[in-house]
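The values are calculated or read from the model by the stated rules, or taken from the named source; none is laboratory data. Note that the structure is predicted; figures quoted are calculated from it, not measured. Cβ placement follows ideal geometry from the backbone for every residue including glycine, while neighbour counts extend to all protein chains displayed. Keep in mind that these areas ignore ligands, DNA and RNA; they rest on the heavy atoms of the full protein, side chains included. Shrake-Rupley method; radii C 1.70, N 1.55, O 1.52, S 1.80 Å.
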Amino acid sequence: MSWRVVAASEVGTSHAHTNTPCQDSCWAQVYELSPGIPLLSIFVADGAGSASRGGEGAELAIQGAVDYLTTKLAQREFGLNDRLATDLILSIRDRIFRAADAEKLTGRDFSCTFLGLLSSPLGTLAFQIGDGGIVIDVGQGLELAIVPMSGEYANMTSFITDENAVEVLITKTYANAVSLAAVFSDGIQRIALNLATNMPHEPFFAPFFKTLKVATEEQEDQLQVLLAKFLSGPAVNERTDDDKTLALAVQST
């Protein structure tokens, strides 16, 4: 077994109007945990709109997560558990704060949310700081792994650079591998979720999963182009002016 993956980040109309680049960043890749055992990895980060370097913070978060994961895989010391999630977050924070110190800035200047999903035949780990969503199917139908974090006021959430980031980090583990997965930033949260029930809006996801399921490997690059076109198209922009990221994975044989 393995997974077919596709991911894209697109700038929101509010940022496009001010010539501000997209402040989301993402990663979706299948590694080999050990010979014959694949590992799906998806990371999504969303730079805080209130942070002067939020977009760079999101990029640093993704780079830090990928570097940490690559090192752990090379060491063959790997467990899909809370300790892994915590150590990965601490590694990202170290990278961001070192970058901030080098420019005589604060970590808050690079604030971003962070969502991670790691899955293999040995199990699945979902973890999150901030808003956005992780939707998966581990055999019981689509479910929202972790409720998006919100603050006391509208548009408030938690960030990986917050002092209490490790304390607010939420993790969830599953015994099975995911057959379907979608990880997304809060730019499409209202489209992808029923916020009253914290349930996935299945009609939103169904066409993506169906298309990815039947696509050939040769078509994956084209699917990424089509996904980016959808995220920057009127169907999404009429409902949100924020940057948006969507990463998708479908289990393949």
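Computed log10 I(q)/I(0) for the range 1-78 at 0.11, 0.15 Å⁻¹: -0.38, -0.62, from the Debye equation with unit scatterers placed on every C-alpha and solvent omitted. Farthest towards the positive end of the charge dipole of the range 173-253, among the residues 208, 246, 223, is the Cα of 208, using unit charges on the Cβ of Lys, Arg, Asp and Glu. Normalised per residue, the accessible area of the chain is 47 Å², obtained with a 1.4 Å probe and no contribution from ligands, DNA or RNA. Exposed loop positions in the chain were taken to be GluC sites (Glu not before Pro) whose DSSP state is not H, G, I, E or B and which have at most 14 other beta-carbon atoms within 10 angstrom. Between these positions, the longest stretch is 1-76. The charge dipole of the range 137-246, taken about its Cα centre with unit charges on the Cβ atoms of Lys, Arg (+1), Asp and Glu (-1) only, comes to about 400 debye. Scanning the chain for trypsin sites (Lys or Arg not before Pro) that sit in a DSSP loop and have at most 16 other Cβ atoms within 10 Å, the longest stretch containing none of them is 105-238.
Translational diffusion of the range 1-146 was estimated from the Stokes-Einstein equation, with Rh taken as the Kirkwood radius over Cα pairs; at 25 °C and 0.890 mPa s the coefficient is 152 µm²/s.
Mind pulling up the Rg/Rh value for the range 132-253? Radius of gyration and Kirkwood radius, both on Cα. With Rh from the inverse mean 1/r over Cα pairs, Rg/Rh is 0.98.
Modelled spin-label separation between residue 166 and residue 76, with each label point placed 7 Å from Cα along the Cα-to-Cβ direction: 2.9 nm.
Looking at 17, 85, 1, which one has the Cα that reaches farthest to the positive end of the dipole of the chain (charges on Cβ: Lys, Arg +1; Asp, Glu -1)? Sorting the options by dipole projection puts first 1.
Seen from all directions on average, the range 82-156 presents a Cα convex hull projection of 6.5 nm². Semi-axes of the equivalent ellipsoid for the chain, computed as √(5λ) from the eigenvalues of its C-alpha gyration tensor and ordered from largest down, come to 25, 23, 17 Å. The accessible area of residue 50, taken with all protein chains in place and a 1.4 Å probe, comes to roughly 110 Å². Under the convention that each Lys and Arg Cβ holds +1 and each Asp and Glu Cβ holds -1, the size of the dipole of the range 76-203 around its Cα centre is about 220 debye. What separates the Cα centres of the range 7-37 and the range 163-177 is a distance of 21 Å.
Over the C-alpha atoms of the range 77-202, the Rg to Rh ratio, Rh being the Kirkwood estimate, stands at 1.00. Solvent-accessible area of the chain (1.4 angstrom probe, protein heavy atoms only): carbon and sulfur portion equals 49 percent.
Figure legend: label point modelled 7 angstrom from the Cα of residue 202 along Cα→Cβ; residues of the range 164-181 with amide N under 18 Å from it are 179-181.
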